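Chemist: Below is one structure. I have some questions about it.
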Amino acid sequence: MPEPTAHPTVVYSADLVVPMTAPPIADGAVAVRGGRIVHVGTRAWVLDLLREERADAAERHLDGVLTPGLVNAHTHLQYTSMAAVGAGRYAGFDDWATAFSAVYDRGGLDWGGAAAEGARALLAAGVTVAADIVTDEAAVSALADAGLHGIAYWEVMNWSNAAWRRGGRDRVIAELERVPTTPGSGLSPHAPYSLDAEPLLDIPDIVRAHGGRLHIHLGESHFEGARAGATDRHAPDWHFAGVESFRALRESGYGASATEFVDRLGVLGPDCHVAHGVYMTAEDRALLRARGTSVALCPRSNEVIGLEAPPVAAYLTEGSPIAVGTDSLSSSPSLDPMADVAALARIAREQGYAGRDLHERLLSAATFGGARAMGIDIGPDRLGHLAVGAIADLTGFPMPVGPVADALADLVESAPEQRVAVVSGEVRSGTLEEVG
Ligand SMILES: [Zn+2]
């Protein structure tokens, strides 16, 4: 790891600084001290302030764009060693799951080593924050070990109501206790179809009592979409019909979507974000908005698995809170969320989105939106935007910079592969030019 300069204050300057919660700043700078942002503004103004303060400051310059640290809002770092599965093309979720399980169930993989390799790949892509779903205990401290920010979500799946009552609940509570709370911890009830109703009802209470966060795969399988023509899907009484699971609900003829199902069980809320959100009706999307639940879109993973594209134009038009995730290498070519951002821009246009704010909003989704999805955009350790007092996580993109709108378009449509990652004020990957 390169040593930061010995000066107590470091000024990171660039041709363009994009704070996300303030307008972009041409010839901008971010002053950092003690891992926190102390000033954000034009380079000349920031340097003047530091001279007035008689601060001992060093400057590091980037010919390019500085943004808040990229947020990968949905990944599974421990599957970094399963890239052979992700290199395939599948005919839908079940087809992909079969290929995945063939490798996973064979066993013998080093989950801890793979997760550490995934964390290095995140840094190389300029990612400083991740929502990491952990299925095997060897991988549970990957974010903490790499000094990255975000949340490790312990995955909970394949519990029937009976097994849950017989000890599943206690086991998951004990497992959650073992997830490091630095940088953050939570539970990921895998999906509406892989858990019966009782665990789906209990898990949110367990994690909320613990002060953690929730993250669930939702609307990833075609099976989860609302089924028209089934028994009145607005029937208010299905919740009280004693259904054991989402599958049982469907088998008894109700057409409610998986989103409606988990909502009735109390899973959604401002402390929960969902991954994928592909098979979502307008009503499902309205439910997410009403509950304050963000959706992490993972379009490249959807394509590998053979799903439809996520309804990103609708999410943008309706004002839904969105974030961007890569998913794992078992269904995606890389852990770089900017590649998904480029895919989302293309998909949004194909779906008819014509707003001039497309680039800025997608860049926001990959930074501020991701932090917001995990609830870490506010509070003393806030991330995802460049503002005074926030943790100094930055991503640098070395690139030629013209007018602001063009630079944002270039960044979103074709971000340079080379990246700089600054985590808590320290350069962790890439290089910056020392000035003076
Ligand atoms: Zn996933």
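The values are calculated or read from the model by the stated rules, or taken from the named source; none is laboratory data. Keep in mind that what you see is a predicted model, and the values were worked out from it rather than measured. Here the Cβ positions follow ideal geometry from the backbone for every residue, glycine too, while neighbour counts run over all protein chains shown. Note: areas computed on protein heavy atoms with side chains; ligands, DNA, RNA excluded. Shrake-Rupley method; radii C 1.70, N 1.55, O 1.52, S 1.80 Å.
Chemist: Pick from THR80, THR42, THR21: which is of a type in the set (Val, Ile, Thr) and out of contact with any helix residue (DSSP H, G or I) (no Cβ under 7 Å at 6 or more places or on another chain)? So that I can check it myself, show each step before the final result.
Modeler: Working: THR80 fails: out of contact with any helix residue (DSSP H, G or I) (no Cβ under 7 Å at 6 or more places or on another chain); THR21 fails: out of contact with any helix residue (DSSP H, G or I) (no Cβ under 7 Å at 6 or more places or on another chain).
Every option except THR42 fails the conditions.
Chemist: Mind checking which residues of the range 292-306 are in contact with a His (Cβ under 9 Å, 6 or more places away or on another chain), part of a loop (DSSP other than H, G, I, E, B) and more than 14 Å from the ligand (Cβ to nearest atom)?
Modeler: We begin by selecting, within the range 292-306, every residue in contact with a His (Cβ under 9 Å, 6 or more places away or on another chain); these are 293-298, 301-302.
Add one more test, that the residue is part of a loop (DSSP other than H, G, I, E, B), and what stays is 293, 298.
Residue satisfying the conditions is THR293 alone.
Yes/no per residue for (1) open to solvent by 40 Å² or more (accessible area, probe 1.4 Å); (2) of a type outside the set (S, T, N, Q); (3) touching a Ser or Thr at 6+ places or on another chain (Cβ under 6 Å):
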| site | (1), (2), (3) |
| --- | --- |
| GLY88 | no, yes, no |
| ALA91 | yes, yes, no |
| LEU109 | yes, yes, yes |
| ALA115 | no, yes, no |
| ASP136 | no, yes, no |
| ALA142 | no, yes, no |
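Chemist: Another question, if that's okay. Looking only at the range 402-414, decide whether some residue is part of a strand (DSSP E or B) and under 21 Å from the mean Cα position of the chain (by Cα).
Modeler: First, the residues of the range 402-414 that are part of a strand (DSSP E or B): none.
Checked the range 402-414: no residue is part of a strand (DSSP E or B) and under 21 Å from the mean Cα position of the chain (by Cα).
Chemist: Pull out all pairs, ordered by first then second residue, where Cβ-Cβ is under 7 Å, the residues are six or more apart or on different chains, the first lies in the range 300-313 and is in contact (Cβ under 8 Å) with a residue 12 or more places away in the chain and more than 13 Å from GLY219 (Cβ to Cβ), and the second is more than 16 Å from the ligand (Cβ to nearest atom) and of a type in the set (Phe, Trp, Tyr).
Modeler: ALA313/TYR353
Chemist: OK, next. So which helices (runs of 4 or more DSSP H) stay within the range 103-215 end to end and still have 1 or more residues that are assigned by TED's automatic domain parsing to the domain that holds HIS74 and under 18 Å from PHE246 (Cβ atoms)? Break it down stepwise before answering.
Modeler: Numbers: elements: 111-124, 142-146, 169-177, 197-210.
Of the helices (runs of 4 or more DSSP H) lying wholly inside the range 103-215, those with at least 1 residues that are assigned by TED's automatic domain parsing to the domain that holds HIS74 and under 18 Å from PHE246 (Cβ atoms) span 197-210.
Chemist: Return the residues of the range 44-78 that are within 16 Å of the ligand (Cβ to nearest atom) and in contact with a Pro (Cβ under 6 Å, 6 or more places away or on another chain); say none if nothing qualifies.
Modeler: Just the residues of the range 44-78 that are within 16 Å of the ligand (Cβ to nearest atom), to begin with: 71-78.
The answer is ASN72, and nothing else.
Chemist: Turning to a different aspect of this structure: Quick check on the range 95-107: of everything there that is more than 14 Å from THR135 (Cβ to Cβ) and more than 15 Å from the ligand (Cβ to nearest atom), which residue is most open to solvent (accessible area, probe 1.4 Å)?
Modeler: Only one residue fits best here, namely ARG106.
Chemist: State yes or no: is VAL134 over 30 Å from GLU426 (Cβ atoms), among the aliphatic types (A, V, I, L, M) and within 16 Å of the ligand (Cβ to nearest atom)?
Modeler: On the way: over 30 Å from GLU426 (Cβ atoms): no; among the aliphatic types (A, V, I, L, M): yes; within 16 Å of the ligand (Cβ to nearest atom): yes.
It is false that VAL134 is over 30 Å from GLU426 (Cβ atoms), among the aliphatic types (A, V, I, L, M) and within 16 Å of the ligand (Cβ to nearest atom).
Chemist: Read through the list (1) within 19 Å of ALA146 (Cα to Cα); (2) part of a helix (DSSP H, G or I), then give the number of the only condition that ALA84 fails.
Modeler: With (1) within 19 Å of ALA146 (Cα to Cα); (2) part of a helix (DSSP H, G or I) applied to ALA84, the lone miss is (1).
Chemist: Pairs only if they're at least six apart or on different chains, beta carbon under 9 angstrom, first in the range 340-355 and among the basic types (Lys, Arg), second open to solvent by 30 Å² or more (accessible area, probe 1.4 Å); list them, first residue then second.
Modeler: That search, which allows pairs on different chains as well, returns ARG346/GLU413.
Chemist: Also, I was wondering about something else. Can you list the helices (runs of 4 or more DSSP H) found entirely within the range 307-386 that contain at least 2 residues being crowded, with 24+ Cβ neighbours inside 10 Å, modelled with pLDDT of 95 or more and more than 15 Å from the chain's Cα centre (by Cα)? Break it down stepwise before answering.
Modeler: On the way: elements: 312-318, 337-350, 358-365, 368-373.
Those helices (runs of 4 or more DSSP H) span 312-318.
Chemist: ALA73 - would you say it is under 27 Å from HIS273 (Cβ atoms) and in a strand (DSSP E or B)? Explain how you work it out, then say what you get.
Modeler: On the way: under 27 Å from HIS273 (Cβ atoms): yes; in a strand (DSSP E or B): yes.
Considered against the rule, which asks whether it is under 27 Å from HIS273 (Cβ atoms) and in a strand (DSSP E or B), ALA73 comes out as yes.
Chemist: Mind counting the residues in the range 63-74 that are open to solvent by 10 Å² or more (accessible area, probe 1.4 Å) and not acidic (Asp, Glu)?
Modeler: Filtering the range 63-74 down to residues open to solvent by 10 Å² or more (accessible area, probe 1.4 Å) leaves 63.
Adding the requirement that they be not acidic (Asp, Glu) leaves none.
Within the range 63-74, residues that are open to solvent by 10 Å² or more (accessible area, probe 1.4 Å) and not acidic (Asp, Glu) number 0.
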